[in-house]
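Taken together, the values in this text are just the output of simple stated rules run on the coordinates, not laboratory data. Because the structure is a prediction, the values reported are computed rather than measured. Counting neighbours? That spans all protein chains shown, and the Cβs are built from the backbone with ideal geometry, glycine included.
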Amino acid sequence: MYKNNNMKGKKEKLQTEANKAWNNIFSRINNNKAYRNVIVCNEWFTFSNFYEWFIDNYVEGWQLDKDIVGGGTTYGPQHCIYVPKEVNLLFRKVKTTYSKGVAKNGSGYQAQITIDGDNIKLGTYPTVQEAENAYLNARHNRIEELKIIYPRIAHIL
């Protein structure tokens, strides 16, 4: 199936931003190996369908996410949401040597979390599991704070 920008030449509100987001979806899938198992729903191959969803969901400065709601394999209206960057990063899948939020520190394992762009050290623990538990606890607490900060997306957190 070919993507179809059936609104080319029209000038609707936020059309330029929507077109950037729409093209970015297809660019990631076609050019990024990490997205080789990701698909776009049939509906979004037509730009006007994506644009209609975009108008109802776009928040300036937020990022389009397919992982939090939809499990990360499909770009589509029931799988995507706009979220602040910090929320997006909390749900990002990261390949690590030990565990997400855990780094080797001397003879132990350091738990850490990023909040508002600051890397916060949570302590050094004798095992990966203890450090991971400290990270998961801090992540849970941050998600609870973000529910208050961003009530619009509290239902997905």
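Computing log10 I(q)/I(0) by the Debye sum over Cα atoms at q = 0.10, 0.16, 0.18, 0.20 Å⁻¹ for the structure here picks out one of (1) -0.46, -0.95, -1.09, -1.23; (2) -0.31, -0.83, -1.07, -1.35; (3) -0.38, -0.81, -0.95, -1.09, namely (1). Using Cα atoms only, what is the angle between the long axis of helix 47-57 and the major principal axis of the chain, expressed in degrees (0 to 90) to the nearest 10? The answer is roughly 50 degrees. Seen against the Cα atoms of the chain and their longest principal axis, helix 15-31 is set at about 60 degrees.
For the residue pair His140 and Ser107, what label-to-label distance in nm results when each label sits 7 Å from Cα along the Cα-to-beta-carbon direction? Each label point lies 7 Å from its Cα, and together they span 3.0 nm. Between Lys33 and Glu17, residue separation times 0.36 nm minus the direct Cα-Cα distance comes to 3.3 nm. Computed over the Cα atoms of the stretch 1-82, the ratio of the radius of gyration to the Kirkwood radius (Rg/Rh) comes to 0.94. Per-residue ellipticity at 222 nm, computed for the chain from helices alone with -39500 (n - 2.57) per DSSP H run of at least four residues, works out to -11500 deg cm²/dmol.
Multiplying the residue separation of Ile156 and Thr97 by 0.36 nm and removing their Cα-Cα distance gives an extension gain of 18.4 nm. Against the chain, whose longest principal axis is taken from its Cα atoms, helix 128-149 shows a tilt of about 50°. Subtracting the Cα-Cα distance of Ile55 and Asn133 from 0.36 nm times their residue separation leaves 24.1 nm of extension gain.
Lysine pair count for the stretch 1-82 with Cα-Cα distance under 18 Å and sequence separation of 8 or more or different chains is 6. If only the Cβ of Lys and Arg carry +1 and only the Cβ of Asp and Glu carry -1, the dipole of the stretch 89-136 around its Cα centre is close to 240 debye.
Taking the DSSP beta bridges with both ends in the chain, the antiparallel portion is around 85 percent. Working from label points 7 Å from Cα in the Cα-to-Cβ sense, the Ile120 to Ser48 distance is 4.8 nm.
For the chain, excluding the exposed loop sites themselves (trypsin sites (Lys or Arg not before Pro), DSSP loop, at most 13 other Cβ atoms within 10 Å), the longest remaining stretch covers 96-157.
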